Structure formats: C-alpha cells, structure tokens
1. With the requirement that a residue be assigned to a helix (DSSP H, G or I) and either in contact with a His (Cβ under 7 Å, 6 or more places away or on another chain) or surrounded by 11 or more Cβ atoms within 10 Å (Cβ to Cβ) (or both), what does segment 52-67 give you?
2. Taking the stated definitions as given, is Asn23 surrounded by 16 or more Cβ atoms within 10 Å (Cβ to Cβ) and in contact with a helix residue (DSSP H, G or I) (Cβ under 7 Å, 6 or more places away or on another chain)?
3. Looking at Tyr36, Tyr17, can you tell me which residue is modelled with pLDDT under 95 and surrounded by 12 or more Cβ atoms within 10 Å (Cβ to Cβ)?
4. Provide a single number: the residues in segment 1-46 that are among the β-branched types (Val, Ile, Thr), more than 9 Å from the chain's Cα centre (by Cα) and not in a strand (DSSP E or B).
Amino acid sequence: MVAYKNDIKYVIQAKFYSSPVGNKAVQEVVASIGMYKADKGIVITNNTFTPAAIELAKANNIELVDGKKIDIYIKQILSKI
C-alpha cells in the first residue's frame with residue numbers, strides 16, 4: 001500500500017500471520033521504497049518480528065509495528081473518543 005501524510009510518501013506492508021514475520025516482508029518494503037520513490041517504509045503485523053527482521057529493519061530505517069503496538073495505538077485512539 002502507498003499512503004501520504006503531510007507530504008510524506010509511505011509504503012506499508014501488512015501481514016496477518018500466526019507466526020513471527022521474517023525478513024521477506026522487510027525486504028519487500030525496502031524494494032518498494034525505491035520502486036515508488038517513497039520517503040518511509042512500515043511493516044505492520046498482528047504478531048511479532050524475528051530478530052533478523054528487526055535487525056534488517058533497523059539497518060534500512062523501516063518502522064515495525066507489531067501486535068503490542070497495535071493494541072497501544074487502539075487504546076490511545078479509544079481514549080480520545
């Protein structure tokens with residue numbers, strides 16, 4: 001997915017997995033940044049990420065959002081309603 005906010009172009013990969021998300025999802029976002037000339041990449045999952053995926057994301061400045069972060073974001077949104 002490609003999204004825009006405040007003149008920033010994001011590429012976003014969402015994964016609904018029953019096991020931790022690995023390098024492939026991060027690699028896809030890294031490739032998509034170049035392909036779509038995006039400013040930032042994000043991988044979102046309901047689960048967690050493997051240590052290798054976390055390391056690769058850090059090396060490429062990719063934001064990772066796991067299930068725990070999703071829960072935090074939901075609570076923050078609901079507290080404002």
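The values are calculated or read from the model by the stated rules, or taken from the named source; none is laboratory data. Model, not experiment: these values are computed from the prediction. Every residue, glycine among them, receives a Cβ derived from its backbone with ideal geometry; neighbour counts consider all protein chains shown.
1. Answer for segment 52-67, where residues must be assigned to a helix (DSSP H, G or I) and either in contact with a His (Cβ under 7 Å, 6 or more places away or on another chain) or surrounded by 11 or more Cβ atoms within 10 Å (Cβ to Cβ) (or both): Ala52, Ala53, Ile54, Glu55, Leu56, Ala57, Lys58, Gly67.
2. Judged against the criteria, Asn23 is a match.
3. Going through Tyr36, Tyr17 in turn, the sole match is Tyr17.
4. Qualifying residue count for the region: 2.
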